[in-house]
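Undergrad: What follows is a single structure, and I will ask about it in a moment.
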Amino acid sequence: MQDSKSCVFMGALPLGTLFFMRLENAFLLTQIGALIEVVSDWDNLENDLMMWCAFKGEAFKEKRVISQNADSKSNFIYVLCKKSPTRFHKFDTLSHTSPPMQGLAPNGVQVELASPNYHFSIESNNDIWSSNVEQIYEDSKKSQWNATTDIKWEQIPKFSPSLQFAIAQIMTYLTENEFSALYIPARFLGQISPFFTPVPLLLSSIIGDEARHIESFIKRANITGLGVQYSTLTTQQSLFSLWKEKDYFTSSFLLHIMGEGTFIDLLKFLEESFRALGDEASAYLLALARKDESRHVAYGMNNVKHSISQNPAKIAALKEVVFARKNYLDAQSGESSLLLESMAILRGGGEESVLISNGFEEVQELKKKMEKNRTKRLVECGIDEELALDLSRAHTPNFM
């Protein structure tokens, strides 16, 4: 059916490579049944065009002459018709499933048939989508900061040896956790089809955030003069239980909601602690990191909320993964005593008995606050309050 028409203005272009390349592209980008008018200054091209059409499986229709006035030469129009199959296909941009031949093309692109299948393992957006993904990505672009120039490192004060060690140890712990938060989305990034364009863009921004946090926390540890310190078995096991999760939906839940959600409370606690010590530069650093993490949590919560609304049975998967992680960690070790002592020294302002005791009490209060806020986030995601409380209490005592 002849339902459209397009024109290719060849002008004085002679028959040759460029002429036929333009003609080829004109047919390539039109639908079957469309008419293509080749406008040329040259007469007697019909035999060549007939042979080209016969070779390509297209049809030559007619030749027309457009006569100009006495001072101008005539133009010749050769009318061809596309008979060959359409080679490009535009997929439903609102589909919840990515097309196999989408390749590395973004959503909305018309893909040529028989393009290679990249075999992205995440082919549905049910487990990755979030209604606020584009807004969070926009916010991430506006909130970028430079760890080298935006933190007044030279204004960080010197502290007692015990405080310097506590700070270096805490920064070591934060760095390990941020590596976890970097590698987990990085692993899944290459499994998501570009058909879901906003999601890989957002994950890339999350990875960039975590890289900046790692850089910053190592720099802060180095300023103590001690550098990064000790990696405890407890921390390693807790983070490994995150890292080994292979399912995107449950991994995102554990990382963005259970882990980074708790991490926000931790960063706020540390920010306040540094500010109480007169270290505004470090407090500002933690405030910037906390703002970044809040975006990650916002994505995770909306993602889980969306998935649960589509399939409430997914709550069972979340329950299973939380308690499986708890059972694994219960069989390994408990809390990181080295981290807790360092946090108590930082919060108290020193290792004297009164100071560290006060600091430790506030650390214990922080843990209660973390549990309360985790429960609240889970309820906001659509999980029953009783189950939300059970899941929150089952979360690793290692915070992340």
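Undergrad: Please give the calculated 222 nm ellipticity per residue for the chain, where each DSSP H segment of at least 4 residues contributes -39500 (n - 2.57) and the sum is spread over every residue; nearest 500 deg cm²/dmol?
TA: -18500 deg cm²/dmol
Undergrad: Counting alpha carbon pairs within less than 8 Å and at least 6 residues apart, what relative contact order, in whole percent, applies to the chain?
TA: 15 percent
Undergrad: Count the net charge of all other residues whose Cβ sits under 14 Å from the Cβ of Ser180, scoring Lys and Arg as +1 and Asp and Glu as -1.
TA: -4
Undergrad: For the charge dipole of the chain, defined by +1 on Lys and Arg C-beta atoms and -1 on Asp and Glu C-beta atoms about the Cα centroid, which residue among Ile32, Leu203, Gly103 has the Cα displaced farthest towards the positive pole?
TA: Ile32
Undergrad: With +1 assigned to the C-beta of every Lys and Arg and -1 to the C-beta of every Asp and Glu, and no other charges, what is the dipole magnitude of the chain about the Cα centre in debye, to the nearest 20?
TA: Magnitude of the dipole: close to 560 debye.
Undergrad: Could you pull out every residue, at least 5 positions away or on a different chain, whose amide H is within less than 5 Å of the one on Val8? Hs are placed 1.01 Å off N in the peptide plane, and Pro or chain starts have none.
TA: Residues meeting the criterion, in which the H sits 1.01 Å from N, are Glu37, Val38, Val39.
Undergrad: Sticking with this one: Given axes a ≥ b ≥ c from the Cα gyration tensor, I'd like to know whether region 183-322 is rounded (a/c under 1.5), prolate (a/b larger than b/c) or oblate.
TA: prolate
Undergrad: Could you state the angle between the C-alpha long axis of helix 133-142 and the longest principal axis of the C-alpha atoms of the chain, as a value from 0 to 90 degrees rounded to the nearest 10?
TA: So the helix axis and the longest Cα principal axis differ by about 70 degrees.
Undergrad: Looking at region 206-269, which trypsin sites (Lys or Arg not before Pro) are DSSP coil and have at most 11 other C-beta atoms within 10 Å of their C-beta?
TA: Those that pass, being in a loop and sparsely packed, are Lys244, Lys246.
Undergrad: Hey, another quick one. May I ask for the angle, rounded to the nearest 10°, between helix 353-380 and the longest principal axis of the chain, with both axes built from Cα atoms and the value confined to 0 to 90°?
TA: That works out to roughly 40 degrees.
Undergrad: What number comes out for accessible area per residue over the chain if the probe is 1.4 Å? Units Å², please.
TA: Per residue, the chain has 47 Å² of solvent-accessible surface.
Undergrad: Among 389-400, 35-46, how do they line up by average Cβ neighbours within 10 Å per residue, starting with the highest?
TA: Those peptides, ordered most packed to least, come out 389-400, 35-46.
Undergrad: Just for the Cα atoms in region 19-138, what are the lengths along the principal axes, largest first, rounded to whole Å?
TA: 68, 33, 20
Undergrad: Give me the percent of accessible area attributable to carbon and sulfur for the chain, probe 1.4 angstrom.
TA: 55 percent
Undergrad: I've got another one for you. Give the calculated FRET efficiency between Ser4 and Asn44 to the nearest 0.05, with a Förster radius of 30 Å applied to their Cβ-Cβ distance.
TA: Calculated value: 0.60.
Undergrad: Taking the Cα centre of region 212-319 as the origin and placing charges on Cβ (Lys, Arg +1; Asp, Glu -1), which of Phe249, His213, Phe269 is farthest toward the positive end of the dipole?
TA: My answer, from the dipole projection, is Phe249.
Undergrad: Applying a 10 Å radius around every beta-carbon, put 297-308, 157-168, 354-365, 11-22 in order of their mean neighbour count, most first.
TA: Averaged packing, sorted descending, gives the order 297-308, 157-168, 354-365, 11-22.
Undergrad: Let me ask something else about it. Would you mind checking the tilt of helix 337-348 against the longest principal axis of the Cα atoms of the chain, expressed as 0 to 90 degrees and rounded to 10?
TA: Relative to the chain, helix 337-348 is tipped by roughly 80 degrees.
Undergrad: May I have the extent of the alpha carbons of region 6-82 along their three principal axes, as whole Å values ordered from largest to smallest?
TA: Computed over region 6-82, the largest-to-smallest principal extents equal 38, 24, 21 Å.
Undergrad: Quick one: Kirkwood hydrodynamic radius for the chain, alpha-carbon pairs, angstrom, one decimal?
TA: Value: 25.3 Å, from the Cα pair sum.
The values are calculated or read from the model by the stated rules, or taken from the named source; none is laboratory data. Owing to the predicted nature of the structure, the values given are computational and were not obtained by experimental measurement. Ideal geometry is used to build each Cβ from the backbone, glycine not excepted, and the neighbour counts take in all protein chains shown. Note: areas computed on protein heavy atoms with side chains; ligands, DNA, RNA excluded. Shrake-Rupley method; radii C 1.70, N 1.55, O 1.52, S 1.80 Å.
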